[in-house]
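Each reported figure results from applying straightforward, stated rules to the coordinates on display, with no laboratory input. Nothing here was measured: the structure is a model prediction, and the numbers come from that model. Cβ atoms come from the backbone with ideal geometry, glycine included; neighbour counts cover every protein chain shown.
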Amino acid sequence: MKSKIIVLLSLQLSIYTLFSQNITGTWYEIAKPNASLEIIIDKNNDIYSGIYNWEWKNGTNTINTPIDNVLIKNDSLLIELNYLDYNLNFKLQKDNKTETYKGFFYLNSRQLGPVTLSRTPIERDLTISAVAEKTYTKQDTLRGKITPERAWWDLTHYNLDFELDIENKFIKGSNTIAYTVLESKNVMQIDLQPPMKITKVIQAGVSLLFTQEENAYIIQLKEDQIKGSSKEIEVFYEGNPKEAPRPPWDGGFTWEQDSNGKPFVYTSCQGEGASLWWPCKDHMYDEPNNGMTISINVPENLIAVANGKLTATEKNDNGTTTYEWTIVNPINNYGVSLNVADYVHFSDLYNGVKGTLECDYYVLPEHLEKAKVQFKQAHLMLEAFEYWFGPYPFYEDSYKLVDGVGMEHQSSVGYSGYENGMEGSDYSGSGWGLKFDYLIIHESGHEWFANNITYKDMADMWIHEGFTTYSEALYVEYHFGIKAGEEYIKGLSQSIANDTPIIGDYDINDIDYTQDAYSKSAAFLHTLRQIINDDEKWRAILTGLNKEFYHKTVTSVEVENYIAQKVGFKLNTFFDQYLRTTEIPTLEYHFKDHTFAYRWLNAVPGFNMPLKVKLDNKEQWIKPTTNWTHEYTKDTKKELIVNPNFYVASFRNMKN
């Protein structure tokens with residue numbers, strides 16, 4: 001159903017223009033599925049004036065107010081207006097190819113969503129969130145789907161053994177893959193991305209036939225695969241792995257040198273997948289139940305660091321050293337790391353809730369003194385996160401910080417920078433982001449949400465990035481107080497784009513997920529905490545998640561259901577609103593005589609989130625729904641302020 005509700009703002013536009021673009025006439029935008037706007041600009045004696053029409057499906061309002069500032073400069077269009085306590089900004093950039101203006105609009109400095117001004121009106125069903133459909137390839141499906149060739153067997157262990165030829169940027173080795181047979185099948189999928197290639201596959205001493213399809217190798221097994229039996233295959237491989245164009249965001253191998261000219265090599269492959277450099281069952285739903293052994297052969301003047309604990313070091317006759325690392329816990333594929341350099345090692349012990357945790361640090365020689373200072377934050381992190389989330393999930397595998405690139409490699413967290421903030425900046429804008437080292441805190445937070453609790457499908461990326469971004473605020477709260485944590489999370493919300501829903505497409509390895517998986521997910525988790533209104537219960541939910549899903553892969557629905565069960569009331573519309581739409585729930589309200597009326601706009605059907613507000617400076621809870629609620633008030637009311645810890649918008653209807 002398309003509803004047409006018009007807000008008319010009479011505008012006087014004062015415009016300074018530095019290019020000859022004729023902006024007079026009508027511009028259209030349907031900025032939201034529940035709202036649209038139309039701007040008609042006229043020019044008379046070099047003075048611009050216009051009408052601003054805003055259509056909202058749930059109510060009709062007429063407001064007359066001038067625009068305060070309009071600036072056109074170097075293909076940028078900036079519009080600002082103020083009305084009552086609201087400041088509205090449009091920040092747009094001309095797209096010369098499409099003859100449109102694109103950007104975002106902001107309410108009281110909070111970015112609400114994308115805007116495109118066009119000369120042509122766009123017809124859109126206002127009840128459906130319009131998001132451009134993505135196109136995918138067969139390879140996307142092979143990578144992202146639990147194919148029949150994957151589903152019949154359950155990983156139990158990897159034994160990865162390889163030599164690293166740094167001079168030629170070449171890897172050669174094998175991976176022995178142990179598994180349990182779930183169904184009696186005999187065709188298996190193993191993944192390895194070009195230019196790497198599988199050269200041979202053996203089971204029980206017999207070479208197996210295989211074919212390559214995109215990045216997948218389809219292997220024909222000869223031995224009977226009896227349901228319930230334990231089997232293994234040995235996969236031999238070699239090649240020059242992809243180099244990372246922009247680690248860690250565009251991953252692969254990074255081949256560098258330290259300040260002394262010695263090799264410095266490290267990996268990053270989240271999104272692209274571990275099959276970028278070693279053969280594996282490259283899907284997040286299945287992890288090796290009994291962990292992994294990694295044996296790395298490197299030049300004798302270098303140290304190779306992987307995950308878990310160093311269990312053996314062997315010097316070879318050919319001038320190389322083999323380092324054996326053993327992981328006893330399940331591990332996700334992209335969490336497997338390789339770091340090779342002339343590392344200096346130091347360590348300490350942390351007395352945590354499960355006993356003594358070994359903490360090891362591997363750094364380049366030139367970073368040693370800085371590391372001894374900066375890495376003290378590791379203990380502060382462990383203290384805060386064990387309070388909020390429960391025990392560090394990998395006591396048996398130790399905790400490490402390793403010079404390389406910032407990445408949540410399990411029990412071997414990648415690090416760089418040696419400064420507080422994110423590359424020295426506070427991306428929250430609150431000031432609190434400079435009180436801690438972002439890479440230590442954020443990437444280590446992933447030990448609980450990514451490595452302990454792991455999504456089954458990349459579409460549910462928010463489980464990793466949302467909880468971990470929120471963990472930054474919890475760290476700030478633990479060490480600097482609750483107000484500091486609130487200020488930090490409110491600062492993060494300024495970066496929310498609302499460009500696409502947080503939850504993406506399933507069964508597709510779509511690495512171009514929305515960045516709202518970070519800040520918007522953190523903002524709605526903070527909102528959820530307000531709704532629960534019981535901090536001890538909230539902490540019990542966070543620790544409970546890490547118990548219930550300990551070393552497991554999960555779906556968003558499983559996490560949602562767990563939280564709802566512990567809260568004790570339904571949260572389906574809450575999660576649908578924030579995870580599956582781009583809309584910010586907006587409180588529409590008005591005062592008339594002794595009546596205070598309110599409802600949710602821009603919300604999914606049945607949305608009924610309670611909200612804490614100040615009504616004439618008196619704090620209270622209200623329970624809006626998508627229908628009007630009318631409350632009798634003894635005194636006439638003049639002002640409503642929404643608690644800023646809720647990620648919502650508000651709008652006062654002045655017509656009523």
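Taking Cβ atoms as reference points and 14 Å as the exclusive limit, the residues near residue 205 contribute a net charge of 0, counting Lys and Arg as +1 and Asp and Glu as -1. Distance between the 7 Å Cα→Cβ label points at residue 614 and residue 512: 4.4 nm.
Dividing the mean sequence gap of close Cα pairs (under 8 Å, 6+ apart) by how many residues segment 291-446 holds gives a relative contact order of 20 percent. Computed extension gain for residue 425 through residue 141, at 0.36 nm per residue and net of the alpha carbon distance, reaches 98.4 nm.
Calculated on the alpha-carbon coordinates, the convex hull of segment 472-589 measures out at 140 cubic angstrom per residue. Between the listed residues 310, 151, 322, the Cα displaced farthest toward the positive end of the dipole of segment 133-342, a dipole computed from Cβ unit charges relative to the Cα centre, is found at 151.
The alpha carbons of segment 586-652 occupy a box of 33, 24, 17 Å along the principal axes, longest dimension given first. Legend: calculated FRET efficiency, residue 258 to residue 95, from the Cβ-Cβ distance at R0 = 35 Å, rounded to 0.05, equals 0.20.
Only alpha carbons enter this Debye calculation for segment 406-460, each as an equal point scatterer, and the log10 of I(q)/I(0) it gives at q = 0.28, 0.32 Å⁻¹ is -1.00, -1.13.
How large is the charge dipole for segment 346-568, taken about the Cα centre, if only the Cβ atoms of Lys, Arg (+1) and Asp, Glu (-1) carry charge, to the nearest 20 debye?
Computed about the Cα centre, the dipole is about 680 debye.
Between beta-carbons, use under 11 Å as the cut-off and find the net charge around residue 397, counting Lys and Arg +1, Asp and Glu -1. Neighbour charge sum, excluding residue 397 itself: -2. The mean sequence separation of alpha-carbon pairs under 8 Å and at least six residues apart, normalised by the residue count of segment 139-288, gives a relative contact order of 27 percent.
Computed from backbone phi with θ = phi - 60° and the Karplus coefficients 6.51, -1.76 and 1.60, the 3J(HN,Hα) list for segment 371-382 is 5, 4, 8, 5, 6, 4, 5, 4, 5, 5, 5, 4 Hz; x is used for glycine and proline.
Computed over segment 346-568, relative contact order equals 18 percent, with contacts defined as Cα pairs under 8 Å that lie 6+ residues apart. Computed on the Cα trace of segment 198-262, the radius of gyration divided by the Kirkwood hydrodynamic radius gives Rg/Rh = 1.19. Each residue, residue 218 and residue 368, gets one label point 7 Å from its Cα in the Cβ direction; the gap between the two is 5.5 nm.
A simple spin-label model places the labels of residue 533 and residue 635 2.2 nm from each other, with each point 7 Å out along Cα-to-Cβ.
Rounded to 0.05, the FRET efficiency of the residue 186 and residue 356 pair, given R0 = 41 Å and the Cβ-Cβ distance, is 0.30. The calculated FRET efficiency for residue 580 paired with residue 102, based on their beta-carbon distance and R0 = 25 Å, is about 0.55.
Charged side chains reduced to their Cβ positions (Lys and Arg at +1, Asp and Glu at -1) give segment 586-652 a dipole of some 40 debye around its Cα centre. Charged neighbours of residue 480, selected by a Cβ distance under 15 Å, balance to -4 (K, R count +1; D, E count -1).
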